[in-house]
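Asker: Here's a structure for you.
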Amino acid sequence: MSAFIGLIFLSPVFLMLAIWIKLDSEGPVFYRQVRVGRNGIDFRIYKFRSMRVGSDKKGLLTVGEQDNRITGSGSFIRKYKLDELAQLINVLFGDMSLVGPRPEVRRYVDLYSTEQLKVLSVRPGITDIASIEYMNENALLAGSDDPEKLYVEKVMPEKLSLNLDYIRTRSFVSDIGLIFETIFKIG
């Protein structure tokens with residue numbers, strides 16, 4: 001129900017973003033990518049498209065704000081995490097919740113340890129504690145000689161550890177707190 005209300009309330013923002021994306025570059029308004037959800041089941045995540053069509057074939061990680069695959073509108077959309085708002089559609093369909101571990105692509109989930117796979121026991125979310133802690137992930141990766149190695153060996157395990165802690169201690173009140181913390185951190 002909250003996703004439906006959010007979609008209605010944000011529809012003017014969605015319309016403005018859609019027009020801007022279409023005027024800025026060729027391709028669809030939404031980017032859809034297969035991610036791994038609850039119980040290891042794949043689903044297609046919705047995002048407002050912030051990169052040129054076909055960019056994911058050149059790598060799954062976005063490295064820095066100056067990544068030449070990012071469109072003009074995409075730079076702004078990504079900075080303020082507006083691309084993530086489209087995931088309210090996934091919440092409406094039941095693939096995601098507002099708060100929960102961010103869904104990952106299969107390539108990286110296949111690297112999870114048995115303990116780390118426990119993050120798949122809950123519905124993934126639009127925001128989580130790891131997203132807040134790693135708000136500067138793109139810049140961090142951009143500063144590395146080997147962004148893929150840094151992500152797999154340091155960033156991903158730390159994010160998974162934060163999410164496992166979240167799962168053990170989550171509550172309605174903490175979820176509301178994470179939503180507001182996300183909003184304040186982005187603003």
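Asker: Show the residue pairs meeting these rules: Cβ distance below 9 Å; 6+ apart or different chains; first residue within region 141-156 and within 16 Å of A130 (Cα to Cα); second residue in a helix (DSSP H, G or I) and of a type in the set (D, E).
Answerer: L141/E148; Y151/E137; V155/E137
Asker: Inside region 139-187, can you point out the residues that are among the polar types (S, T, N, Q) and surrounded by fewer than 12 Cβ atoms within 10 Å (Cβ to Cβ)? Give the derivation first.
Answerer: Residues of region 139-187 that are among the polar types (S, T, N, Q), as a first pass: 144, 161, 163, 169, 171, 174, 182.
Answer for region 139-187, where residues must be among the polar types (S, T, N, Q) and surrounded by fewer than 12 Cβ atoms within 10 Å (Cβ to Cβ): T169, S171.
Asker: Hey, any hits in region 51-70 for a residue that's part of a loop (DSSP other than H, G, I, E, B), surrounded by fewer than 16 Cβ atoms within 10 Å (Cβ to Cβ) and polar (S, T, N, Q)?
Answerer: yes
Asker: Which of the residues that make up region 109-138 are basic (K, R) and buried (at least 19 other Cβ atoms within 10 Å of the Cβ)? Even if it seems obvious, please write down each step before you answer.
Answerer: Of region 109-138, the ones basic (K, R) are 118, 123.
Listed by number, the list holds a single entry, R123.
Asker: Related question: Would you mind stating whether D83 is buried (at least 18 other Cβ atoms within 10 Å of the Cβ) and in a helix (DSSP H, G or I)? Walk me through how you get there before you give the answer.
Answerer: Numbers: buried (at least 18 other Cβ atoms within 10 Å of the Cβ): yes; in a helix (DSSP H, G or I): yes.
Criteria met by D83.
Asker: Determine whether I89 is assigned to a helix (DSSP H, G or I) and under 25 Å from F43 (Cβ atoms).
Answerer: Numbers: assigned to a helix (DSSP H, G or I): yes; under 25 Å from F43 (Cβ atoms): yes.
Spelling it out, I89 is indeed assigned to a helix (DSSP H, G or I) and under 25 Å from F43 (Cβ atoms).
Laboratory data are not the source of any read-out in this text; all were calculated from the coordinates shown. Note that this is a predicted model, so its numbers are computed, not measured. Reconstructed Cβ throughout: ideal geometry from the backbone, glycine too, with neighbour counts over all protein chains shown.
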